[in-house]
Amino acid sequence: MAELTYREAIAYGIAQELRRDPTVFIFGEDIAGAGGVFKSTVGLLEEFGPKRVIDTPISEQAILGAAMGAAMTGLRPIAEIMFSDFLAVCWDMVVNEIAKIRYMTNGQVSVPLVIRTGNGGGSRFGAQHSQSVENWAMAVPGLKVVAPSTPADVVGLLAASVRDDNPVLFFEHKSLFATKGEVPSGELVDTLGTAKVVRHGKDCTIVALALMVPRAIAAAEVLAGRGIEATVIDLRCLVPLDTQTILSSVSETGHLFTVEENPRLCGWGAEVVSIVAEECFWALDGPSIRITTPHVPLPSADVLEDAVIPSVERIVNVVAKSLDA
Amino acid sequence: MQIPHEYGAHEARLPEPVDPNMINAPIPLGTRLDLYRLQQQMRQFEKRAYDLFLQNLVKGTSHLSIGMEAIAAGVGQAMRADDYTFATYRGHAHTLARGVPMGPVLAELLGRSNGLLAGKGGSMHLTSVERGVMGSYAIIGAQLCIACGSAWSAQFRGTDQITVAFMGDGATNIGAFHEALNFAAVFRLPVVFVCENNLYMEYTSIFDVTAVEHPAADRASAYGLDRIVVDGNDADAVYMAASSAISKARQGGGPSLIEATTYRHGGHSRADPGKYRPDGEVAAWLDRDPIPMYHQRLLTLGVSEADLDQVQRDVADEVEAATVFAKGGAPPQADTALTDVWADGGSSWRN
Ligand SMILES: Cc1ncc(C[n+]2csc(CCOP(=O)(O)OP(=O)(O)O)c2C)c(N)n1
Ligand SMILES: [Mg+2]
């Protein structure tokens, strides 16, 4: 057992896989010599050398194209796209190539690759370096979508992603890099598509992802003081989606809230709400409510950014008002 | 820049004459007969595909390579069985060049269950991993980046496999082309990029929208590569250029970019009549058809007319058998639309 930051857990998790499997290698902009712009790949070049830890040109299409071609021919690449906003520059590779090649070749080709990327707001970086784009990926058949909220989940889910024979988009939240948590010693491998119930409560179910998880937990503590006991679910993966955990919790509590950092329209919570509406409508005791960033680009100033991304206070207020407490 | 002429009224680009020395190229006669057979296969296959399209049996779109066969044949013949090809949506010839049997390719065009991809890929995505055809790609330029990956993988694994990636002239103006060339050059990847310059994109002349005369070759120096332009209507010229680029790549000498000049006899796709081409241009290029020229060269080299006739008849039989195979295929079962999204064979997104 060791206490690691989320940032350290990334390098720790990658190192675990590089040590285990000689076909794993990692590349991206500034990831080798400099240890990554977020310092999340520090020490890898020193331990594994320049054949397996490689700095690339600023060529996002070539980075992901190379990852795909390598994955098709026997390797397990981990490619980094520095900021998830930059996925828009190479979205063709993600959506038209990587996600579809197995299907359109009738299963002749496998692409066991991981695309890691810094995601999310809270860093005052403005509209082009702060987005939560995991719901873009969720909309494309053929991609697995992972977004851990704790250091232990970073290690375990990264291992599961590298070992998966499908392409995985792995969203690392920039505002969680400095957070700390216990990481069990020894090999750590988790299971994709499993949500975690991180707090039990009988009155409502709050489903959250990545940075929204600690906020939902903090909100639940405040709500407890007001007599509302909330269950908090850390979704961890959008695809595969652990609908069982959501449905069984909502069946018990009768109330569903989603907390999403993405802008409102077509956020992942819309899918969760629609599944609940279809499959456990009669267990509901009130409307399902989505707490999201409003449908705006992210502003830069701290006051503005804090005003739009769901806060502990906003979660508390929305839940309390809805449950009439 | 204002294009200085009306649409379709650009200057005709006429073919260069055949290089009279090419007959002396050091290519064994057996290899030349293989090149002849490959070109016959591609030509007769494409003609059949066109006929079946006119009979409304080929669904969707398809892009034929009639007139361009010498490039796929010359490059394919220079490759080793374990090398990788990345093809374009104009990729029937790229695929046949690796020895993929015609029947499943034709059946795929017809959308049948016995198609190469069981109806899930279609004309633009022909793939045969078994034969090193790592896919045909329909987003211009993407395959050039993906080809860097298989080349990188061969280098990483310490094999001496090389990768060939085809592209059209139009692909040289997309960002992926430039990213791929720089990436390949920086890492000295064993990859050969082959640009089939057929003078047109879809319905617009490449010269009207490109800053340089040779869309690929004139960009090569930006990536520290040699400027290579070959006669894409001469299978021997292509074979020689490809062989030298491939052996350079195999020996660790890094990437090459070959621009092969050619012409498509038909339109861009399906029923495009190709009206945007100036008078005289099509006729001049039909005169420089790569196949009769090669036929004549083999006669000059002492091969008998009877032997060449025999090749043509064998290929005609092969096309006939492929047609019977394709037409005889059942349509795919509807539930196969839900398979092979994931490695477990299924399409489920939830637990
Ligand atoms: C990124 C992208 N832009 C546009 C198209 C539409 N498109 C399909 S083929 C084509 C022309 C390509 O010309 P060229 O590269 O010269 O290849 P050719 O068809 O002549 O073999 C275009 C514009 C596309 N498929 N992908
Ligand atoms: Mg063209």
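Derivation of every value follows stated rules applied to the coordinates shown; laboratory data play no part. Please read all numbers here as calculations on a predicted model, not as lab measurements. Cβ placement follows ideal geometry from the backbone for every residue including glycine, while neighbour counts extend to all protein chains displayed.
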How far is helix A:243-253 tilted, in degrees, relative to the longest principal axis of the Cα atoms in chain A, given as a value from 0 to 90 rounded to the nearest 10? 20
Classify chain B from the C-alpha gyration tensor, please: rounded if a/c falls under 1.5, else prolate or oblate depending on whether a/b exceeds b/c. rounded
Cβ-Cβ FRET estimate between B:Val129 and A:Lys321, R0 fixed at 45 Å, reported to 0.05: 0.20
Mean other chain Cβ within 10 Å across B:169-180 is 3
Compute the distance from the alpha-carbon center of the range B:303-320 to that of the range A:202-250, in whole Å. 72
In the range A:196-322, what percentage of the DSSP-assigned beta bridges are antiparallel, given to the nearest 5? 20
Based on the alpha carbon coordinates of chain A, what radius of gyration and maximum Cα-Cα distance (Dmax) apply, in Å? 19.5, 60
Spelling out what I want: for every residue of the range A:6-18, take phi, set θ = phi - 60°, compute 6.51 cos²θ - 1.76 cosθ + 1.60 (Karplus), and round to whole Hz; glycine and proline get x. 4, 4, 5, 5, 5, 4, 4, x, 5, 4, 4, 6, 5
Global form of the range A:121-177, assessed from the alpha-carbon gyration tensor, a/c cut-off 1.5: oblate
Between the alpha carbon centres of the range B:3-58 and the range B:169-194 the gap in Å comes to 25
In the range A:2-183, with Lys and Arg counted as +1 and Asp and Glu as -1 at Cβ, which of these residues, A:Met72, A:Pro151, A:Cys90, has the Cα nearest the positive end of the dipole, that is, farthest along it? A:Met72
Calculated FRET value between B:Gln251 and A:Lys51, using beta carbons and R₀ = 25 Å, to 0.05: 0.80
Gyration tensor verdict on the range B:105-169 (Cα atoms; rounded if a/c is under 1.5, prolate if a/b is larger than b/c, oblate otherwise): oblate
Kirkwood hydrodynamic radius, the range A:196-322, all distinct C-alpha pairs: what's the number in Å? 14.5
Can you tell which of B:Glu305, B:Glu320, B:Glu46 shows the greatest fluctuation in a Gaussian network model of chain B with Cα springs below 10 Å? B:Glu305
What average count of beta carbons from other chains do you get within 10 Å of the Cβ of residues in B:288-296? 0
Whole-Hz couplings from phi, Karplus 6.51/-1.76/1.60, listed for the range B:236-248; x for Gly and Pro: 5, 5, 5, 4, 5, 5, 5, 4, 6, 5, 5, 6, 4
For the pair A:Asp30/B:Val212, report the inter-label distance in nm, with labels modelled 7 Å from Cα in the Cβ direction. 3.1
Name the residues whose placed amide hydrogens come within less than 5 Å of the amide hydrogen of B:Tyr89, ignoring near sequence neighbours (fewer than 5 apart) on the same chain. B:Tyr137
Determine the sum of side-chain charges near B:Tyr50: Lys and Arg each +1, Asp and Glu each -1, restricted to other residues whose C-beta is under 13 angstrom from that of B:Tyr50. +2
Of all DSSP beta bridges located in chain A, what percent are antiparallel, nearest 5? 20
Convert 37 °C to kelvin, take the viscosity as 0.692 mPa s, use the Kirkwood radius over C-alpha pairs of the range A:2-183 as Rh, and evaluate the Stokes-Einstein diffusion coefficient in µm²/s, rounded to a whole number. 204
What does DSSP give for the protein assembly as shown in terms of the percent of beta bridges that are antiparallel, rounded to the nearest 5? 15
Return the distance in nm (one decimal) between the two label points of a simple spin-label model at A:Lys39 and B:His5, each offset 7 Å from Cα along Cα→Cβ. 6.2
Amide H within-cut-off set for A:Leu238, under 5 Å, with H built and near neighbours excluded: A:Val145, A:Val146, A:Ala147
Any idea which of B:Leu57, B:Gly121, B:Gly76 is furthest toward the positive side of the dipole for the range B:40-151, if Lys and Arg beta-carbons carry +1 and Asp and Glu beta-carbons -1? B:Leu57
Using R₀ = 30 Å, calculate the FRET efficiency as 1/(1 + (r/R₀)^6) where r is the Cβ-Cβ separation of B:Arg157 and A:Val89; round to 0.05. 0.55
Positive-pole candidate from B:His214, B:Ala147, B:Val194, dipole of the range B:142-222, charges at beta carbon: B:Ala147
Kindly provide the helix-only [θ] at 222 nm of chain A, computed as the sum of -39,500 (n - 2.57) over DSSP H runs of four or more divided by all residues, to the nearest 500 deg cm²/dmol? -10000 deg cm²/dmol
For B:Leu338 and B:Thr31, calculate 0.36 nm times their separation in residues minus their Cα-Cα distance, and state this gained length in nm to one decimal. 106.1 nm
Per residue of the range B:24-32, what does 6.51 cos²θ - 1.76 cosθ + 1.60 with θ = phi - 60° give for ³J(HN,Hα)? Whole Hz please, x for Gly and Pro, Karplus curve as stated. 8, 4, x, 10, x, 4, x, 5, 5
Taking a straight Cα-to-Cα line shorter than 22 Å from A:Lys39, and setting aside same-chain lysines fewer than 8 residues away, one finds A:Lys51, A:Lys174, A:Lys180
Evaluate peptide A:132-144: per residue, the Cβ atoms of other protein chains within 10 Å of its Cβ; return the mean as an integer. 1
More than 36 Å apart: what percent of Cα pairs in the protein assembly as shown qualify? 46
Simple spin-label estimate for A:Asp285/A:Lys202, 7 Å along Cα→Cβ, in nm, reads 0.9
Can you tell me the order of B:244-257, B:332-345, A:70-83 when each peptide is scored by its average per-residue count of other Cβ atoms within 10 angstrom, highest first? A:70-83, B:244-257, B:332-345
Can you tell me the 0 to 90 degree angle between the C-alpha axis of helix A:151-163 and the longest principal axis of chain A, rounded to 10? 50
Output the peptides B:184-195, A:53-64, B:23-34 sorted from most to least packed, where packing is the average of other Cβ atoms within 10 Å over each peptide's residues. B:184-195, A:53-64, B:23-34
Run the helix sum for chain B: -39,500 (n - 2.57) per DSSP H stretch of 4+ residues, divided by residue count, reported at 222 nm to the nearest 500 deg cm²/dmol. -12500 deg cm²/dmol
